[in-house]
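Before any comments, here is the structure.
The values are calculated or read from the model by the stated rules, or taken from the named source; none is laboratory data. What you see is a predicted model, and the numbers here were worked out from it, not measured in a lab. Using ideal geometry, Cβ is built from the backbone for each residue, glycine included, and neighbour counts are taken over all protein chains shown.
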Amino acid sequence: MNLDIVAFIGRTTVSWIQIVGRSGVFLFLAVFQAFQRPVRMSRLLKEIEFIGSKSFLIVFVTALFTGMVLALQGYHTLTQFGAQALLGSAVALSIIRELGPVLCALMVTGRAGSAIAAEIGIMKITDQFPALEMMAIEPVKYVISPKILAGIISLPLLTAFFDVVGILGGYLVGVHLLGINEGVYFGKMITAVTFADIYGGVIKSLCFGLLISWIACFMGFSARPTTEGVSEATTRTVVVTSLSILVVDYILTSLLL
């Protein structure tokens with residue numbers, strides 16, 4: 001019985017090492033081929049539109065209500081200590097440091113990451129990759145590389161948009177609903193927020209953008225060539241990416257503080 005447990009642990013460990021190795025080689029090839037000629041800017045812009053522009057609505061709604069809830073909860077907490085004037089800085093720092101990059105990445109994972117995995121999985125089961133090779137088009141360069149670059153470019157921009165909308169949502173509740181002075185709200189915020197806070201949020205969003213596009217593309221590319229396989233790959237993409245974002249967020253936070 002003990003030998004069975006050891007064998008199971010060994011097989012699982014080897015399997016995970018193989019997956020990590022294949023995914024690393026997959027990412028290296030995608031990034032390396034992205035900068036080889038011909039560079040198809042139209043493909044990159046199309047993917048930026050899909051990942052970035054079409055995620056604006058869900059990011060806007062999430063950011064707005066996140067800022068409003070933070071202001072509402074923060075006000076009642078700060079009231080206990082007579083520090084209502086710090087509401088603006090509390091909302092801004094919470095969003096810029098943590099909630100902006102993380103919630104934005106999770107929303108994009110659910111909307112775009114799952115769609116990318118499903119798209120690539122369907123292309124695989126319908127033999128579109130061999131068809132591209134027959135037309136002398138490198139499938140990884142044509143399909144995968146633009147998606148990974150688009151993820152890296154789009155996430156920082158979406159996160160910046162999230163931060164602005166979230167702070168404005170806190171402003172609406174804090175100033176217009178709870179009666180905090182507008183000058184105090186923004187004045188304390190400007191004093192509290194430093195370049196290091198903004199820099200940390202940008203670093204996180206870049207890493208999350210890479211994670212989303214990398215995992216989604218790899219899961220779709222590695223999917224079993226069946227409809228069930230595509231469904232499983234889509235589900236795994238959302239689960240693995242979401243967990244990876246939370247783990248990487250902790251690691252980056254511990255390094256940046």
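Here are the numbers for this structure:
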| item | result |
| --- | --- |
| Tally of residues being over 20 Å from the mean Cα position of the chain (by Cα) and not aromatic (Phe, Trp, Tyr) across the stretch 16-72 | 22 |
| Cβ pairs under 8 Å, 6+ apart, first in the stretch 235-257 and in contact (Cβ under 8 Å) with a residue 40 or more places away in the chain, second of a type outside the set (Ser, Thr, Tyr) and exposed (fewer than 14 other Cβ atoms within 10 Å of the Cβ) | LEU256/ALA196 |
| Selected residue (only one of VAL59, VAL91, VAL69 is β-branched (Val, Ile, Thr), without any contact (Cβ under 8 Å) to a residue 12 or more places away in the chain and out of contact with any strand residue (DSSP E or B) (no Cβ under 6 Å at 6 or more places or on another chain)) | VAL69 |
| Test: residue in the stretch 142-153 that is closer than 20 Å to THR79 by Cα and either in a helix (DSSP H, G or I) or touching a residue at least 12 places away in the same chain (Cβ under 8 Å) (or both) | no |
| Output for the stretch 73-92, where each listed residue is surrounded by fewer than 22 Cβ atoms within 10 Å (Cβ to Cβ) and either within 25 Å of the chain's Cα centre (by Cα) or closer than 13 Å to LEU157 by Cβ (or both) | SER89 |
| Residue tally, condition charged (D, E, K, R), more than 17 Å from GLY151 (Cα to Cα) and touching a residue at least 40 places away in the same chain (Cβ under 8 Å), over the stretch 12-47 | 1 |
| Residue selected from the stretch 149-192 under the condition small (Gly, Ala, Ser) and under 12 Å from GLY52 (Cβ atoms), by the criterion surrounded by the most Cβ atoms within 10 Å (Cβ to Cβ) | GLY151 |
| Matching residues, the stretch 89-137, being outside any helix (DSSP H, G or I) and hydrophobic (A, V, I, L, M, F, W, C) | MET135, ALA136, ILE137 |
| Residue, farthest from TYR171 (Cα to Cα), within the stretch 28-81, restricted to residues that are outside any helix (DSSP H, G or I) and among the basic types (Lys, Arg) | ARG37 |
| Residues located in the stretch 2-33, provided they are within 18 Å of ILE120 (Cα to Cα) and basic (Lys, Arg) | ARG22 |
| Where ALA112 falls short, out of the listed (1) within 24 Å of VAL59 (Cβ to Cβ); (2) of a type outside the set (Phe, Trp, Tyr); (3) more than 27 Å from the chain's Cα centre (by Cα) | (3) |
| Selection within the stretch 203-250 - touching a Lys or Arg at 6+ places or on another chain (Cβ under 8 Å), at pLDDT below 90 and of a type in the set (Asp, Glu) | GLU232 |
